[in-house]
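The structure under discussion appears below in the form of structure tokens.
The values are calculated or read from the model by the stated rules, or taken from the named source; none is laboratory data. In this text, all values refer to a predicted model and were calculated from it rather than measured experimentally. Note that we place each Cβ from the backbone using ideal geometry, even for glycine, and neighbour counts take in every protein chain shown. Just so you know, the surface numbers come from the protein's heavy atoms only, side chains and all, with ligands and any DNA or RNA stripped out. Shrake-Rupley method; radii C 1.70, N 1.55, O 1.52, S 1.80 Å.
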Amino acid sequence: FADRTFASASVGALLNYLAVFHATFLMPFYLEDLLGMSPGRAGIVLTAMPLIMAITASPSGHLSDRWGSRWLSSAGLGATAVALAGLGLLPATAPLPVLVGLLCLLGLGAGVFVSPNTNALMSSAPADRQGTAAGVMALARNLGMLGGTSMSAALYAAGQSSGLALGQDPVAAGMDGLHLAFRVGAGLALAGALVVLVRPRRG
């Protein structure tokens, strides 16, 4: 962790998964419980994010070989922050194209971030420590997934309870909880974008 590239890539990965899993965990509740979608239709809508991520991950990896990972990783987290901030502003009756567009932007951010950041983390570790580097990468990913799920659930419950205590109807209270969680997720992604920028420029 004395290596700035390795340290920033590790912390950036943690913050990325913390942020993304605010949406991954809560979107089914939003689509089914608050918008009233069927599970099948909600599942189709949710495929937008992984589909765009799968399409963009490979090209972003190739671009990082040419340009380095610093700006690509930061741009990916920046896109994630914008998408989560947008989700944090959606009304309970958001148009479906807007919702799908934000999920696509979220997938784009994740796709642009993951490959260059992983490349930076693994290439900054010595050849005899590649297993350790891969373990740190897996740890950051799993901690981010678990932490993002737990944090988003707690924020959603807190916001919803606060709204109900103020006399709001269940949908409005649920939207308050979602907005709170998504905005915190956006802040985490923005922090990750700044962390990634501290790595040295590629020589």
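Things worth noting here:
- Failed condition for Leu31, given (1) open to solvent by 40 Å² or more (accessible area, probe 1.4 Å); (2) more than 20 Å from Gly147 (Cα to Cα): (1)
- Tyr30 meets the stated requirement of being in contact (Cβ under 8 Å) with a residue 60 or more places away in the chain, in a helix (DSSP H, G or I), of a type outside the set (A, V, I, L, M) and farther than 15 Å from Val196 by Cα.
- Residue match in the range 188-197 (condition: touching a helix residue (DSSP H, G or I) at 6+ places or on another chain (Cβ under 9 Å) and in a loop (DSSP other than H, G, I, E, B)): yes
- You will find that of Ala75, Ala81, Ala92, Ala57, the residue that is open to solvent by less than 40 Å² (accessible area, probe 1.4 Å) and either of a type in the set (Ser, Thr, Tyr) or over 30 Å from Gly36 (Cα atoms) (or both) is Ala57 and no other.
- Filtered residues of the range 119-175 (kept if open to solvent by less than 60 Å² (accessible area, probe 1.4 Å), in a helix (DSSP H, G or I) and of a type in the set (S, T, N, Q)): Asn119, Thr149, Ser152, Gln160
- Ile52 under 24 Å from Gly187 (Cα atoms), part of a helix (DSSP H, G or I), open to solvent by 20 Å² or more (accessible area, probe 1.4 Å) and not polar (S, T, N, Q): yes
- Number of the condition not met by Ala92 [criteria: (1) in a helix (DSSP H, G or I); (2) farther than 25 Å from Leu190 by Cβ; (3) in contact (Cβ under 8 Å) with a residue 12 or more places away in the chain; (4) aliphatic (A, V, I, L, M)]: (1)
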